[in-house]
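Working notes for the structure below.
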Amino acid sequence: MNLGAVARSQQQYHYVHGRFAGTLATLQGDTGLNVTNNKYYNFLEPTADASKVKHQIEAKSSSDLIRNYAIGIYLINDGYARQTCQGLNPGDVVNVGDLPADNCVPDGNKIY
């Protein structure tokens with residue numbers, strides 16, 4: 001749910017500014033998104049370029065059996081596409097690929 005809010009906020013930010021927000025502080029300050037006090041996850045700083053932005057969240061404790069997630073928001077043909085990945089096991093690092101059709105990196109489950 002939190003990653004969906006991040007994705008919607010990035011789309012809103014991109015629509016207004018013509019680029020993706022490169023930091024959580026910028027995204028939160030501009031859109032009102034608040035992910036700083038999440039009980040279960042740490043939100044890592046995004047990686048952004050002209051055509052995409054990637055966000056990762058890591059569980060604060062793998063002992064809770066909570067998996068890590070990543071989401072990518074891609075600008076394709078003047079529209080947005082998303083990809084969400086889930087770590088295979090609690091504690092596994094996961095990220096999205098450079099394109100929405102790419103596999104999760106290094107390994108993970110795509111969530112459609």
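The values are calculated or read from the model by the stated rules, or taken from the named source; none is laboratory data. As the structure is a prediction and not an experimental result, all values here were calculated from the model. Cβ coordinates were reconstructed from backbone atoms using ideal geometry, including for glycine residues, and neighbour counts include every protein chain displayed. We work out accessible area using only protein heavy atoms, side chains counted, and drop any ligands, DNA or RNA first. Shrake-Rupley method; radii C 1.70, N 1.55, O 1.52, S 1.80 Å.
Does segment 42-52 contain at least one residue that is surrounded by 17 or more Cβ atoms within 10 Å (Cβ to Cβ), at pLDDT 95 or above and out of contact with any helix residue (DSSP H, G or I) (no Cβ under 9 Å at 6 or more places or on another chain)? For segment 42-52, residues surrounded by 17 or more Cβ atoms within 10 Å (Cβ to Cβ), at pLDDT 95 or above and out of contact with any helix residue (DSSP H, G or I) (no Cβ under 9 Å at 6 or more places or on another chain): present. Just name the residue that is most open to solvent (accessible area, probe 1.4 Å) out of those in segment 16-25 that are part of a helix (DSSP H, G or I) and over 15 Å from Ala5 (Cα atoms). Applying the filter and picking the extreme gives Val16.
Reported count of residues in segment 79-111, each being under 24 Å from Asn38 (Cβ atoms) and open to solvent by 80 Å² or more (accessible area, probe 1.4 Å), is 4. Condition check for Ile76 on (1) open to solvent by less than 30 Å² (accessible area, probe 1.4 Å); (2) in contact (Cβ under 8 Å) with a residue 24 or more places away in the chain; (3) among the hydrophobic types (A, V, I, L, M, F, W, C): one failure, at (1). Using the structure shown, decide if Ile57 is touching a residue at least 12 places away in the same chain (Cβ under 8 Å), under 20 Å from Gln11 (Cβ atoms) and not basic (Lys, Arg). Against the criterion (touching a residue at least 12 places away in the same chain (Cβ under 8 Å), under 20 Å from Gln11 (Cβ atoms) and not basic (Lys, Arg)), Ile57 qualifies. Strands (runs of 3 or more DSSP E) fully within segment 59-112 that include at least 2 residues being over 19 Å from Asp49 (Cα atoms): 79-86, 109-111.
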